[in-house]
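Asker: Okay, handing you the structure first.
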Amino acid sequence: MSRLLDICVYSWSWLATIKIFLVIGCLLWFLLSRGLPTLSKELFFGDAPVLQAIFGQVRVWDALWPACVGTLLLVLLAGLIAVPLGIASGIYLACYASSPFKRILSMSVELLAGTPSIVMGLFGFALILFLRDTFLPEANTSLLLASLCLALLILPYLIFTTQVALESLADEYQLIGPSLGLTQVQTVFHILLPAAGRSILGGVVLAIGRAAEDTAVIMLTGVIANAGLPHGLFGKFEALPFRIYYLAAEYQSPAELNSAYGTALVLLALTGLLYSGAFALHKTLEWQWNQH
Amino acid sequence: MSAFKIDNPVIEVENLRFYYGDSRAIHGVDIAFPEKQVTALIGPSGCGKSTLLRCFNRMNDLIDISRVEGKVLLDGENIYDKSTDIIELRRQVGMVFQKSNPFPKSIYENVIYGLRIAGEKDKKLFEERVETSLKGAALWDEVKDRLHESALGLSGGQMQRLCIARAIAVNPKVILMDEPCSALDPKSTARVEELIGELRENFTIIIVTHNMQQAARVSDNTAFLFEGNLIEYGLTDQLFVKPQNKQTEDYITGRFG
């Protein structure tokens, strides 16, 4: 009887695991079959000459290039804002905060993590309305605002992973620094963070992926369909996930729908590229920590 | 408790009480540790021996609900005074833990990492410290040809001796050892015990152990703690052969614990 149960549990968990590959396989196959044929110079640059388009000398219409640049900038800015803040808060929670305060802080972080992205977008939108009504009548939704709201969206992931990574180091590992007469700051930066770096970077990568794909936040905070390349922090911009949404919702011809699949493929590739970049960085960091 | 005369104490503890939140874990302990001798703290699990040990370099400060009352004098200065430099204190009172925990770095780097982070840059000093510390930890002969290989390739016993080398590289006066052999096999344990005997020439050592044979083998003096009280303290030879207290006798003859 218990043997039968054993087999059942084993096969069930095996099937459940296999399903992951199945889903990923189907998804990729579907995207590739519909999107791959559309990948071309035209998909990226439309009628514009490539080099001039890349450097922004010629306006690109109905193509991906501005959205690629927009998404990259968006992710970069959101990361620049959120990563230092998130890691620092994580360090504070793990290494400094006293227990009652820590409980309140952790609850706030959980609350932030549970906030739907559309609410984050609404918050940004409301902020702009407030600014317009009060001391900045010129304020408008923009690349900077969208990055800020995205940063808010990914902040809790960064805080969590940093905190958990630091706290899951063995107790005795946390004590080495003090036992060698190092200050708390020296311990955190030279012993704990390097040891926890691997997991923290994992969190950063996931957070960045999340920022790259989110549509709801940017829809309310500055993305538009035909903005062209972003003109600075306070300009409107295009982004890949919004372009997918827009094409899928308002396509005029089957070809246009197919180009949405192409766009999805590009977004997937871009996220993959970000991941591998983070992975390379992680390897470098680990190598350095193991050296000196 | 019989009065145990210590002529040249390095650490003197006066009426030390330790609290976790509201519950008291140590109830007024008075004890002194003689210079350049090995003193063992023994007692059943939860008797407060590790907690007491961690009071001597203020490691308990890192637990935010803990509180200490009473005095711990290091060379006559109360380390719980407001003016105490905790960093300096911990340099003088080093610590070795139960599980060896070397950094994932080279053997050389492990020994001097503490100094390096603290801002020391002198290469000559590093080389000298690596040699003296590893010799002090009886590890030099085994690793001198592979100083720049990863410390994680060492055996468990070697790693623990490396951690001892790391602790003595900072040049402490006192070394606290919290069950340093409990994760080691008998052969490595014997090697570390032998080392403790050698370290006695230069350092004052206080070792917590649940292994009474070990206490009997390595220490000059032994203190028996039970439920947060110091029950008996004396020369190891006397305490194990002719304990003065009934509880001590029961414990060392294996009637409880």
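A short reminder: the numbers here are calculations on the coordinates, not readings from a lab. Remember, predicted model here, so these are calculated numbers, not experimental data. Methodologically, a virtual Cβ is constructed for each residue, glycine included, from the backbone with ideal geometry; neighbour enumeration extends over all protein chains shown.
Asker: Can you spot the lysines whose alpha carbon is less than 18 Å from residue B:5's alpha carbon? Ignore those fewer than 8 places along the same chain.
Answerer: Cα-Cα hits under 18 Å: B:36, B:242.
Asker: Taking R0 as 45 Å, what's the FRET efficiency between residue B:121 and residue A:85 from their Cβ-Cβ distance, rounded to 0.05? Before the final figure, lay out the partial values.
Answerer: On the way: r = 33 Å, r/R0 = 0.72.
Efficiency computed from Cβ-Cβ geometry: 0.85.
Asker: Suppose only helical runs count, i.e. DSSP H with n ≥ 4. What mean residue ellipticity at 222 nm does that imply for chain B under -39500 (n - 2.57) per run, divided by all residues and rounded to the nearest 500 deg cm²/dmol? Working shown, then result.
Answerer: On the way: 10 runs with 91 residues, N = 257.
Calculated at 222 nm, the ellipticity per residue is -10000 deg cm²/dmol.
Asker: On to the next question. What shape does the protein assembly as shown take by its C-alpha gyration tensor, where a ≥ b ≥ c are the square roots of the eigenvalues and a/c under 1.5 counts as rounded, a/b above b/c as prolate, and the rest as oblate?
Answerer: Numbers: a/c = 2.57, a/b = 2.41, b/c = 1.07.
In terms of gyration-tensor shape, prolate.
Asker: Against the longest principal axis of chain A, how steep is helix A:2-35, in degrees 0 to 90 to the nearest 10, with axes from Cα atoms?
Answerer: The answer is roughly 30 degrees.
Asker: Quick check on chain A: take the gyration tensor over C-alpha atoms, sort the square-rooted eigenvalues as a ≥ b ≥ c, and tell me if it's rounded (a/c under 1.5), prolate or oblate.
Answerer: Values: a/c = 1.90, a/b = 1.33, b/c = 1.43.
Oblate, because a/c is 1.5 or more while a/b does not exceed b/c.
Asker: Shifting gears a bit: For B:168, A:218, A:81, what's the fewest-to-most ordering of other Cβ within 10 Å of each Cβ? Don't jump to the answer; show the numbers that get you there.
Answerer: Values: B:168 23, A:218 30, A:81 18.
Fewest-to-most Cβ neighbours within 10 Å comes out as A:81, B:168, A:218.
Asker: Using a cut-off of 26 Å between alpha-carbon atoms, which lysines can reach residue B:123, once sequence neighbours fewer than 8 places away in the same chain are excluded?
Answerer: Correct list for residue B:123: B:105, B:135, B:144, B:173.
Asker: Other chains near A:170-178: what is the mean number of their Cβ atoms within 10 Å of each residue's Cβ?
Answerer: Values: counts 3, 5, 8, 4, 2, 7, 10, 4, 9.
Mean partner shielding for this stretch: 6.
Asker: What 222 nm value per residue comes from the helices of chain A, counting each DSSP H run with n ≥ 4 as -39,500 (n - 2.57) and dividing by all residues, nearest 500 deg cm²/dmol?
Answerer: Details: 13 runs with 216 residues, N = 292.
Computed ellipticity for chain A at 222 nm equals -24500 deg cm²/dmol.
Asker: Placing one identical point scatterer on every Cα of segment B:47-172 and ignoring solvent, what is log10 I(q)/I(0) from the Debye formula at q = 0.11, 0.12 Å⁻¹?
Answerer: -0.45, -0.52
Asker: Sticking with the crude label model, points 7 Å out along Cα→Cβ, report the distance from residue A:172 to residue A:4 in nm, one decimal please.
Answerer: 4.8 nm
Asker: Under a Cβ-Cβ cut-off of 12 Å, what is the net charge of the residues other than residue B:235 that fall near it, where Lys and Arg count +1 and Asp and Glu count -1?
Answerer: Details: positive: B:5, B:242; negative: B:220, B:232, B:237.
With Lys, Arg at +1 and Asp, Glu at -1, the net is -1.
Asker: Related question: So which lysines can residue B:246 reach, going by Cα to Cα under 20 Å and dropping same-chain residues fewer than 8 places off?
Answerer: Within the straight-line limit of under 20 Å, residue B:246 reaches these lysines: B:49.
Asker: Sticking with this one: Other chains near B:113-122: what is the mean number of their Cβ atoms within 10 Å of each residue's Cβ?
Answerer: Working: counts 7, 9, 2, 2, 10, 6, 1, 0, 0, 0.
Shielding by partners across B:113-122 averages 4.
Asker: Rounded to the nearest 20 Debye, what is the dipole magnitude of segment A:169-291 about its Cα centre when Lys and Arg each give +1 and Asp and Glu each give -1 at the C-beta? Numbers along the way, then the final one.
Answerer: Details: 5 positive and 8 negative charges, 35 e Å.
For this selection, approximately 160 debye.
Asker: Also, quick follow-up: Taking other Cβ within 10 Å of each residue's Cβ, how do A:268, A:93, A:80 sort, fewest first? If you can, show how the numbers build up before the last one.
Answerer: On the way: A:268 18, A:93 21, A:80 12.
Placing the least packed residue first, the sequence is A:80, A:268, A:93.
Asker: In what sequence do A:204, B:93 fall when counting other Cβ within 10 Å, fewest first? Intermediate values should be presented prior to the final figure.
Answerer: Details: A:204 23, B:93 26.
Final ranking by Cβ density, sparse to dense: A:204, B:93.
Asker: In degrees from 0 to 90, rounded to the nearest 10, what is the angle of the helix B:107-117 Cα long axis to the longest principal axis of chain B?
Answerer: 70 degrees
Asker: To the nearest 10 degrees, how steeply does helix A:117-133 sit against the main Cα axis of chain A, on a 0 to 90 scale?
Answerer: The helix A:117-133 is inclined about 70 degrees to chain A.
Asker: Could you calculate the FRET efficiency of residue A:126 with residue B:8 from 1/(1 + (r/R0)^6), where r is the beta carbon distance between them and R0 is 60 Å, rounded to 0.05?
Answerer: Numbers: r = 72 Å, r/R0 = 1.21.
E between residue A:126 and residue B:8, to the nearest 0.05, is 0.25.
Asker: Under a point spin-label approximation (7 Å from Cα along Cα-to-Cβ), what is the residue B:144-residue A:119 distance to one decimal in nm?
Answerer: Computed distance between label sites residue B:144 and residue A:119 equals 6.7 nm.
Asker: Then there is this: How would you classify segment A:16-103 from its alpha-carbon gyration tensor, with a ≥ b ≥ c the square roots of the eigenvalues: rounded for a/c under 1.5, else prolate if a/b is greater than b/c, otherwise oblate? Please list the in-between numbers first.
Answerer: Values: a/c = 5.86, a/b = 1.54, b/c = 3.82.
Cα axes put segment A:16-103 in the oblate bin.
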